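Have a look at the structure below before the remarks.
Where a number appears in this text, it was derived from the coordinates with a stated rule and is not lab data. What you see is a predicted model, and the numbers here were worked out from it, not measured in a lab. Cβ sites come from the backbone with ideal geometry, for glycine too, and all protein chains shown count toward neighbours.
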Amino acid sequence: MVPWVKLGRAQIPNKGGELLFSRRGEEFSIRLSGVRGELMNSRVYNSEKELSQLGCAHLTSTPNAHVLVGGLGMGYTLAAALNEVTPCSQVTVAELIPEVVEWNKGPLGNCAKNPLQDPRTTVKIGDVKHLLNTRTPTYDAILLDVDNGPEGLTHSDNNWIYSLDGLQDIYEVLKPNGMLAIWSAGPDYLFSVRLKTAGYKVNTCIARARKGKGSKHTIFLAKKAIN
Ligand SMILES: C[S@@+](CC[C@H](N)C(=O)[O-])C[C@H]1O[C@@H](n2cnc3c(N)ncnc32)[C@H](O)[C@@H]1O
């Protein structure tokens, strides 16, 4: 059995513990310290891709779309968003942990075929929250996969994103007909209700962890139907 080799570690802000980056042969893992588990594994990424495919389905012929991805992880959601949008579109990716960006510029780069090198990509190191509370309609799609579901796992500040206040602020930064897509390990009825209360038209889709098989994850699709 090929052993895991530690490649790096990084502090999560606000005493959120550590991210641990390791490799076993061609497989990579990013874990949260303690018992909080794996945040991302390079062999399981189908639902991360579907997050982009579903969230950007309305943009395949939009000439100058702007998509926001949070966070980077191993780059699969970013790469899939770049596949969906047109050549003159732009994709901003926000990543909280600077080391994750460095790992993607290094050993992780090949996993999703180096989406950071695409000229349409802009990287913002920091909390995606700072791009979500500007109250200026900016994005045609916002694709969020920063926790395991609508609850702050990576760090507790993320709870704001899933609160009614957060969802209403996100509504403001979407352009008319813009789409908010959120990855979740499973369904959450109360979160769907909260999205509707914030003004979105809501659908949920099941996305399998591996193409056609594996765990069933939930993608929340919340559309800004007006203004
Ligand atoms: C589950 S991984 C994302 C996996 C990604 N969808 C992919 O395709 O590889 C979560 C990522 O979000 C980042 N993150 C967590 N909270 C964040 C925040 N508030 N702002 C920006 N990035 C955040 C984490 O550091 C981690 O890199």
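Tabulated results
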{"read-out": "Share of alpha-carbon pairs per 5 Å distance bin for the range 158-214, given as whole %", "value": "4, 16, 28, 23, 14, 9, 5, 1"}
{"read-out": "Relative contact order %, the chain, counting alpha carbon pairs below 8 Å whose residues are six or more apart", "value": "17 percent"}
{"read-out": "Helix-only mean residue ellipticity at 222 nm for the chain, each DSSP H run of n ≥ 4 adding -39500 (n - 2.57), per residue, nearest 500", "value": "-6500 deg cm²/dmol"}
{"read-out": "Long-range HN-HN contacts of K175 with modeled amide H, under 5 Å", "value": "T138, Y139, D140"}
{"read-out": "All aspartates and glutamates inside 14 Å of K211 as judged from Cα atoms, apart from same-chain residues fewer than 8 positions distant", "value": "E48, E50"}
{"read-out": "Cβ-derived FRET efficiency at R0 35 Å, N133 paired with R43, nearest 0.05", "value": "0.50"}
{"read-out": "Per-pair calculated FRET efficiency, R0 = 35 Å: E102 and A57 via Cβ, rounded to 0.05", "value": "0.65"}
{"read-out": "Within a Gaussian network of the chain (alpha carbon springs, distance under 10 Å), most fluctuating of G126, G34, G166", "value": "G34"}
{"read-out": "Inverse mean reciprocal Cα-Cα distance (Kirkwood Rh) of the chain, Å", "value": "17.5 Å"}
{"read-out": "Rounded to whole Hz, the Karplus (6.51, -1.76, 1.60) HN-Hα couplings of the range 170-187, x for glycine and proline", "value": "5, 3, 5, 8, 7, 6, x, 6, x, 10, 9, 10, 10, 7, 8, 5, x, x"}
{"read-out": "Karplus (6.51, -1.76, 1.60) ³J(HN,Hα), θ = phi - 60°, over the range 120-134, in Hz, Gly and Pro reported as x", "value": "7, 8, 10, 9, 10, 7, x, 6, 4, 3, 5, 9, 9, 10, 7"}
{"read-out": "Efficiency of FRET between K113 and K201 - r from beta-carbon atoms, R0 30 angstrom, step 0.05", "value": "0.35"}
{"read-out": "Mean-position separation - Cα centroids, the range 133-185 and the range 1-54, in angstrom", "value": "22 Å"}
{"read-out": "Exposed GluC sites (Glu not before Pro) absent - longest run of the chain, DSSP non-H/G/I/E/B, at most 15 other C-beta within 10 Å", "value": "27-150"}
{"read-out": "GNM result for the chain, Cα springs below 10 Å: residue of N46, N148, N64 fluctuating most strongly", "value": "N64"}
{"read-out": "Within a Gaussian network of the chain (alpha carbon springs, distance under 10 Å), most fluctuating of L116, L190, L96", "value": "L190"}
